[in-house]
Amino acid sequence: MESTKHISVMQNEAIEFLNLKKGMTVVDATLGGGGYTREIYKSIMPGGTLITCDRDIDAINRFKKDFEVIANNIHIVHSNYSHIRKILKDANIDFVDAIVADLGLSSDQIEKTDRGFSFSDVGLLDMRMNQSADISAYDIVNDSSEEELAQIIFMYGDEKFARRIASAICKERPIQDTNVLTEVIVSVIPHRVQQRSKIHPATRTFQAIRIAVNDEFEHLKVFLTEGIEVLQKSGRFSIVSFHSGEDRIVKNIFRTNARGCICAPEMPVCRCEHVPQVRVLTKKPLVTSEEEIRDNPRSRSARLRVVEKI
Ligand SMILES: C[S@@+](CC[C@H](N)C(=O)[O-])C[C@H]1O[C@@H](n2cnc3c(N)ncnc32)[C@H](O)[C@@H]1O
């Protein structure tokens, strides 16, 4: 297995916010190429406990092969971060001092054509982050109704040509390969729109299908909610997201947990008895520096949000 190609995004900012000290217990929920994990390791050892997880078995195997130190206070777990409670229970941990997640895909995943994530290569329609999951992009593209496809592309991709694209896909089915899907999408997006846009015309549709294949938004909601529950008092939770759909979920769940009453506005008296769980440390999300964008254009859309448990 090759070593990682991934360049970590907003690593210094996301980790600095965690206020790490020797001896802390920390979760890196998205191991990827291991950049964040290695940095956290240096900050909390000796004496700390590090739990790092990924739903992609390649990321786990690569890290186990390359990481110089394997000890019983490092837990490298092949799992979905939405199982954070089980991951901690299996490691005999009740609460943690910090959690970080750097969402989305690693360059290792994007650049491996057989994973089917990239619209610029010829690959099978796969897009599963967890290679043993039942549903792949092939199933979503070929088995969804036209209406379902249009909804997926619109909801998860913010794509205004979702209906046209869904209709064109249905006419072309069965579609096996990423390049055929790309051609179908490009063929129905007006030329003038393509010329004006800064992104490839297939970007939004590929993103939408990937989110549906991996049920990304539902896992993210569970992870954020349960992550806040397992944080110690003063513990910090940093999240780097890469598109507006993800960032909206992070912002809303962090804000809801920072509020007292969450009753509907029409309720005359509070019945929820909700108490604030966290303090939001980033009123507006932090964005990537120009220098980082110059060195790594993929970091362009990153947004960092952080809360502290109260
Ligand atoms: C952008 S990469 C992380 C890169 C990492 N921070 C680094 O510095 O190398 C995102 C990783 O999160 C993983 N991932 C995405 N969703 C996940 C989930 N629900 N549970 C666990 N891992 C997930 C992906 O498989 C991918 O390896």
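Condition check: in contact with a helix residue (DSSP H, G or I) (Cβ under 9 Å, 6 or more places away or on another chain), closer than 22 Å to Asp247 by Cβ and in contact (Cβ under 8 Å) with a residue 24 or more places away in the chain. Does Ile84 satisfy that?
For Ile84, the condition - in contact with a helix residue (DSSP H, G or I) (Cβ under 9 Å, 6 or more places away or on another chain), closer than 22 Å to Asp247 by Cβ and in contact (Cβ under 8 Å) with a residue 24 or more places away in the chain - is met.
Restricting Arg85, Arg38 to residues that are in contact with a Phe, Trp or Tyr (Cβ under 8 Å, 6 or more places away or on another chain) and open to solvent by 40 Å² or more (accessible area, probe 1.4 Å) narrows the list to Arg38. Taken over the range 287-297, the criterion of being crowded, with 18+ Cβ neighbours inside 10 Å and under 17 Å from the mean Cα position of the chain (by Cα) is satisfied by Thr288 alone. Pairs only if they're at least six apart or on different chains, beta carbon under 7 angstrom, first in the range 218-241 and among the hydroxyl-bearing types (Ser, Thr, Tyr), second within 11 Å of the ligand (Cβ to nearest atom); list them, first residue then second. Pairs found: Ser238/Ala14; Ser238/Val100; Ser241/Leu103.
If I filter the range 256-266 for residues that are of a type in the set (Val, Ile, Thr), farther than 28 Å from Gln194 by Cα and either free of Cβ contacts under 8 Å to residues at least 24 places away in the same chain or out of contact with any strand residue (DSSP E or B) (no Cβ under 6 Å at 6 or more places or on another chain) (or both), do I get at least one hit? Please lay out each step first, then the result.
First, pick out the residues of the range 256-266 that are of a type in the set (Val, Ile, Thr): 256, 262.
When the remaining residues are screened for being farther than 28 Å from Gln194 by Cα, the result is 256, 262.
Next, from what is left, pick out any that are either free of Cβ contacts under 8 Å to residues at least 24 places away in the same chain or out of contact with any strand residue (DSSP E or B) (no Cβ under 6 Å at 6 or more places or on another chain) (or both): 256, 262.
Within the range 256-266, one or more residues are of a type in the set (Val, Ile, Thr), farther than 28 Å from Gln194 by Cα and either free of Cβ contacts under 8 Å to residues at least 24 places away in the same chain or out of contact with any strand residue (DSSP E or B) (no Cβ under 6 Å at 6 or more places or on another chain) (or both).
Answer yes or no as to whether Asp90 is at pLDDT 95 or above and buried (at least 20 other Cβ atoms within 10 Å of the Cβ). For Asp90, the condition - at pLDDT 95 or above and buried (at least 20 other Cβ atoms within 10 Å of the Cβ) - is not met. It is to be established whether one or more residues within the range 216-237 are more than 25 Å from Asp126 (Cα to Cα), hydroxyl-bearing (Ser, Thr, Tyr) and outside any helix (DSSP H, G or I). Yes.
Let's see how each residue does on (1) assigned by TED's automatic domain parsing to the domain that holds Glu246; (2) over 23 Å from Leu220 (Cβ atoms):
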position: Thr37; (1), (2): yes, no
position: Ile44; (1), (2): yes, yes
position: Ile51; (1), (2): yes, no
position: Ser82; (1), (2): yes, no
position: Ile87; (1), (2): yes, no
position: Asp90; (1), (2): yes, no
position: Phe117; (1), (2): no, no
position: Met129; (1), (2): no, no
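Close Cβ contacts (under 7 Å, 6 or more residues apart or on different chains) running from residues in the range 159-188 that are at pLDDT 95 or above to residues that are assigned to a helix (DSSP H, G or I) and basic (Lys, Arg) comprise Glu159/Arg204; Val188/Arg164. Scanning for something modelled with pLDDT of 95 or more, among the basic types (Lys, Arg) and crowded, with 22+ Cβ neighbours inside 10 Å, does the range 107-115 turn up at least one residue? Yes - at least one qualifying residue is present in the range 107-115.
Taken over the range 137-184, the criterion of being closer than 22 Å to Ser197 by Cβ and acidic (Asp, Glu) is satisfied by Asp158, Glu159, Glu183. Confirm whether Ala150 is open to solvent by less than 10 Å² (accessible area, probe 1.4 Å), within 15 Å of the ligand (Cβ to nearest atom), at pLDDT 95 or above and out of contact with any Leu (no Cβ under 7 Å at 6 or more places or on another chain). Answer is no for this residue. When residues in the range 1-50 are screened for being out of contact with any Lys or Arg (no Cβ under 8 Å at 6 or more places or on another chain), in a loop (DSSP other than H, G, I, E, B) and of a type in the set (Val, Ile, Thr), 1 of them pass.
Considering each residue of the range 117-139, count those that are closer than 18 Å to Asp215 by Cβ, more than 16 Å from the ligand (Cβ to nearest atom) and open to solvent by 20 Å² or more (accessible area, probe 1.4 Å), and give that number. Break it down into steps so the answer makes sense when it comes.
Kept after step one, since they are closer than 18 Å to Asp215 by Cβ, are these residues of the range 117-139: 117, 125-139.
Of the ones still in play, those that are also more than 16 Å from the ligand (Cβ to nearest atom) are 125, 138-139.
If we keep only those that are open to solvent by 20 Å² or more (accessible area, probe 1.4 Å) as well, we get 138-139.
Selection size over the range 117-139: 2.
The values are calculated or read from the model by the stated rules, or taken from the named source; none is laboratory data. Computed from a prediction, not measured in an experiment: that's the story for all the values here. Methodologically, a virtual Cβ is constructed for each residue, glycine included, from the backbone with ideal geometry; neighbour enumeration extends over all protein chains shown. The protein model used for the area step is the full one, side chains on, heavy atoms only, and it has no ligands, DNA or RNA in it. Shrake-Rupley method; radii C 1.70, N 1.55, O 1.52, S 1.80 Å.
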